[in-house]
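Enquirer: Just dropping this structure here.
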Amino acid sequence: MIRVAALAGLLLNVPAPGVAVAETMRATGGLGVVVERASGSLVIVDRIAREAIGRVEGLGDLSHASVKFSPDERYAYVFGRDGGLTKVDLLEEAVVAREMQSGNAIGGAISDDGSLVAVANYEPGGVRVFDADTLEMRADIPTAAKVVGLVDMPGNRFVFSLWDAGEIWIADFSGGAEPQITVLADVGANPYDALITEDGRYYIAGLFGEDGLVLVDLWEEEPRARRILDGYGRGEEPLPVYKMPHLEGWAEAGGRFALPAVGRHEVLWLDSQSFEEAGRTKTHGQPVFAVARPDGRQVWVNFAPPGNDTIEVVDTVSGEVIETLVPGPGVLHMEFAPRGREVWMSVRDENRVEIYDTRSFEKLGEIAAESPSGIFFTARAHRMGL
């Protein structure tokens, strides 16, 4: 009798004849969000249909916002510049929970098992770690310094850099709620952002106060920091920096990393085995993002003002610019479809997102959005460091 009753309950949830399943359920694999920085909102998009399907408001200051996704791709965790951490249900198009956890934050990460969400803070500094379900705080890691470059590592661990102190910290939560902390001191002046390779082995932080980068091999029994690309701009007068460049784990292509040079009109190529310089590409302006297409065949580059209306596409093999696009003023962010067939880019100053085919460079469509900046697809839920 129990089995019959359970079966009857299941049958009650089956759509009636003639009712499309799509009217009662939606998959999450094709979803994403666009950050509307001026209005403190998210536009929920269907990247397969190339259309906006919803909007969530009341998310605070999103002027430097980033987004992470739960492993099931249903929930987006939004890290606001005002210190707000917001959990958004993409299917219900609603805020599930929100915590004002600091006065000024700069991004965050989600653990590899999806249970913990960590936030990097400028004010008061440090990292705060929250339960992914409830947003209840699980740990507070004070650093007495601004935290940048926070990424997830395998095994419920996080690694991050301290801007003021010139240090890299590893917080290991594999043993429970009380993390084991490893501190690497004197790594260089003013680490400003970082990437982790997709295998979780190498953490690379850019240095704003010095001419070079710092590398940590996280597979070592006792990780240590070593300098790479030391003095890459030596002998040349540095240019003023109009917008800080960003490093991400998506920049590896064809056995090399494509890294935006600080205050220079160049993309630097770094051999992913020897970590020695492997070339340079002259660019239209100061690069902000250098983003590899998922197959690694191209790198797409956007720029700081005053040249931020332009995108350059660099061929990975030759290192040459093969295409130049001018979508409009304020091109802030690019996001590839998971297999790289198309790329979406925000054109902030003209209130739209443009979509391009990555082989023909044909414009495929556009979506209206208020001062759009970051674009994030749910496929990121399955990639380390993103």
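The values are calculated or read from the model by the stated rules, or taken from the named source; none is laboratory data. Given the structure is predicted, the values throughout are model-derived calculations rather than measurements. When we count neighbours, we look across all protein chains shown, and the Cβ atoms used for this are built from the backbone with ideal geometry, even at glycine.
Enquirer: Regarding the stretch 156-173, can at least one residue be identified that is at pLDDT 95 or above, surrounded by fewer than 22 Cβ atoms within 10 Å (Cβ to Cβ) and among the polar types (S, T, N, Q)?
Expert: So far as the stretch 156-173 goes, yes, one or more of its residues are at pLDDT 95 or above, surrounded by fewer than 22 Cβ atoms within 10 Å (Cβ to Cβ) and among the polar types (S, T, N, Q).
Enquirer: I need the full set of residues from the stretch 175-188 which are in contact with a strand residue (DSSP E or B) (Cβ under 9 Å, 6 or more places away or on another chain) and either among the β-branched types (V, I, T) or exposed (fewer than 14 other Cβ atoms within 10 Å of the Cβ) (or both), in order please. It would help to see each step written out before you state the result.
Expert: Just the residues of the stretch 175-188 that are in contact with a strand residue (DSSP E or B) (Cβ under 9 Å, 6 or more places away or on another chain), to begin with: 177-188.
Residues satisfying the conditions are A177, E178, Q180, I181, T182, V183, A185, D186, V187.
Enquirer: So, one more: Taking strands (runs of 3 or more DSSP E) that do not extend beyond the stretch 265-304, which have at least 2 residues that are aliphatic (A, V, I, L, M)? Reasoning before the result, please.
Expert: Numbers: elements: 266-271, 277-282, 287-292, 298-303.
Here the list reads 266-271, 287-292, 298-303.
Residue-wise test of (1) surrounded by fewer than 23 Cβ atoms within 10 Å (Cβ to Cβ); (2) more than 21 Å from L386 (Cβ to Cβ); (3) not aliphatic (A, V, I, L, M).
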{"residue": "G30", "(1), (2), (3)": "yes, no, yes"}
{"residue": "G58", "(1), (2), (3)": "yes, yes, yes"}
{"residue": "L62", "(1), (2), (3)": "no, no, no"}
{"residue": "S70", "(1), (2), (3)": "yes, no, yes"}
{"residue": "A76", "(1), (2), (3)": "no, no, no"}
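Enquirer: Examine the stretch 325-341 for a residue that is in contact with a Gly (Cβ under 8 Å, 6 or more places away or on another chain) and part of a helix (DSSP H, G or I), and state whether such a residue exists. Break it down into steps so the answer makes sense when it comes.
Expert: Step one: list which residues in the stretch 325-341 are in contact with a Gly (Cβ under 8 Å, 6 or more places away or on another chain), which gives 332-333, 335.
Narrowing the set further to residues that are part of a helix (DSSP H, G or I) leaves none.
Among the residues of the stretch 325-341, not one is in contact with a Gly (Cβ under 8 Å, 6 or more places away or on another chain) and part of a helix (DSSP H, G or I), which makes the answer no.
Enquirer: Same structure, new question: Considering only residues that are of a type in the set (F, W, Y) and within 14 Å of the chain's Cα centre (by Cα), which ones fall in the stretch 338-386? Working first, answer last.
Expert: Initial filter on the stretch 338-386 (of a type in the set (F, W, Y)): 344, 356, 361, 376-377.
Matches in the stretch 338-386: F376, F377.
Enquirer: Based on what the data block shows, is A177 assigned to a loop (DSSP other than H, G, I, E, B), hydrophobic (A, V, I, L, M, F, W, C), more than 25 Å from K87 (Cα to Cα) and free of Cβ contacts under 8 Å to residues at least 40 places away in the same chain? Walk me through it before giving the result.
Expert: Details: assigned to a loop (DSSP other than H, G, I, E, B): yes; hydrophobic (A, V, I, L, M, F, W, C): yes; more than 25 Å from K87 (Cα to Cα): no; free of Cβ contacts under 8 Å to residues at least 40 places away in the same chain: yes.
So A177 fails the test.
Enquirer: How many of the residues making up the stretch 206-219 are surrounded by 24 or more Cβ atoms within 10 Å (Cβ to Cβ) and either within 17 Å of the chain's Cα centre (by Cα) or in a loop (DSSP other than H, G, I, E, B) (or both)?
Expert: The total comes to 1.
Enquirer: Going by the structure shown, is G374 closer than 23 Å to L270 by Cβ and either buried (at least 19 other Cβ atoms within 10 Å of the Cβ) or at pLDDT 95 or above (or both)? If you could, list the steps in order and put the result at the bottom.
Expert: On the way: closer than 23 Å to L270 by Cβ: no; either buried (at least 19 other Cβ atoms within 10 Å of the Cβ) or at pLDDT 95 or above (or both): yes.
No; evaluated as a whole, the condition is false for this residue.
Enquirer: How many residues are polar (S, T, N, Q) and modelled with pLDDT under 95 if we restrict to the stretch 275-288?
Expert: Filtering the stretch 275-288 for residues polar (S, T, N, Q) gives 281, 283, 286.
Pick out the ones that are also modelled with pLDDT under 95 and you get 286.
Qualifying residue count, the stretch 275-288: 1.
Enquirer: Restricting to the stretch 162-185, name every residue that is closer than 15 Å to V147 by Cα and out of contact with any Phe, Trp or Tyr (no Cβ under 8 Å at 6 or more places or on another chain).
Expert: Within the stretch 162-185, D164, A165, G166, E167, A185 meet the criteria.
Enquirer: Suppose we keep only residues that are of a type in the set (S, T, N, Q) and not in a strand (DSSP E or B) within the stretch 112-148. Which one would you say is nearest to L386 (Cα to Cα)?
Expert: Within the stretch 112-148, the first condition is being of a type in the set (S, T, N, Q), and the residues that meet it are 115, 121, 134, 143.
Of the ones still in play, those that are also not in a strand (DSSP E or B) are 115, 134, 143.
Numbers: S115: 16, T134: 22, T143: 23 Å.
Ranking the qualifying residues of the stretch 112-148, first place goes to S115.
Enquirer: Just give me the residues in the stretch 342-375 being in a loop (DSSP other than H, G, I, E, B) and among the polar types (S, T, N, Q), in sequence order. Don't jump to the end; show me each part of the working.
Expert: Of the residues in the stretch 342-375, the ones in a loop (DSSP other than H, G, I, E, B) are 351, 358-362, 369-371.
Selection gives N351, T358, S360, S371.
Enquirer: Further question on the same structure: Which is surrounded by 15 or more Cβ atoms within 10 Å (Cβ to Cβ) and modelled with pLDDT under 95, of V291, V313?
Expert: Values: V313 fails: modelled with pLDDT under 95.
So the residue among V291, V313 that is surrounded by 15 or more Cβ atoms within 10 Å (Cβ to Cβ) and modelled with pLDDT under 95 is V291.
Enquirer: Quick check, is G114 at pLDDT 95 or above, surrounded by fewer than 23 Cβ atoms within 10 Å (Cβ to Cβ) and either of a type in the set (G, A, S) or touching a Cys at 6+ places or on another chain (Cβ under 7 Å) (or both)? Before you say what the answer is, go through the steps one by one.
Expert: Details: at pLDDT 95 or above: yes; surrounded by fewer than 23 Cβ atoms within 10 Å (Cβ to Cβ): yes; either of a type in the set (G, A, S) or touching a Cys at 6+ places or on another chain (Cβ under 7 Å) (or both): yes.
Judged against the criteria, G114 is a match.
Enquirer: Among the residues in the stretch 59-67, are any under 16 Å from the mean Cα position of the chain (by Cα) and farther than 24 Å from A139 by Cβ? Full working, then the answer.
Expert: Going residue by residue through the stretch 59-67, those that are under 16 Å from the mean Cα position of the chain (by Cα) are 62-67.
Cutting the leftovers down to farther than 24 Å from A139 by Cβ gives us 62-63.
Yes, the stretch 59-67 contains at least one residue that is under 16 Å from the mean Cα position of the chain (by Cα) and farther than 24 Å from A139 by Cβ.
Enquirer: Between a residue in the stretch 246-271 that is on the phi < 0 side of the Ramachandran plot and any residue that is β-branched (V, I, T) and at pLDDT below 90, which pairs come within a Cβ distance under 7 Å, given they are 6 or more apart or on different chains?
Expert: Partner pairs satisfying both residue conditions: V262/V241.
Enquirer: Quick test for you: out of E136, E123, pick the one residue that is free of Cβ contacts under 8 Å to residues at least 12 places away in the same chain and closer than 22 Å to K87 by Cα.
Expert: Details: E123 fails: free of Cβ contacts under 8 Å to residues at least 12 places away in the same chain.
Step by step, each of E136, E123 is checked, and only E136 is free of Cβ contacts under 8 Å to residues at least 12 places away in the same chain and closer than 22 Å to K87 by Cα.
Enquirer: A further question on this structure: Just to be sure I understand, how many residues within the stretch 119-134 are closer than 16 Å to S70 by Cβ and touching an Asp or Glu at 6+ places or on another chain (Cβ under 8 Å)?
Expert: At the first step, the residues of the stretch 119-134 found to be closer than 16 Å to S70 by Cβ are 119, 129-134.
Filter again for touching an Asp or Glu at 6+ places or on another chain (Cβ under 8 Å), leaving 129-130.
Selection size over the stretch 119-134: 2.
Enquirer: With respect to D357, determine if the residue is free of Cβ contacts under 8 Å to residues at least 40 places away in the same chain and in contact with a Leu (Cβ under 8 Å, 6 or more places away or on another chain).
Expert: On the way: free of Cβ contacts under 8 Å to residues at least 40 places away in the same chain: yes; in contact with a Leu (Cβ under 8 Å, 6 or more places away or on another chain): yes.
Yes, satisfied.
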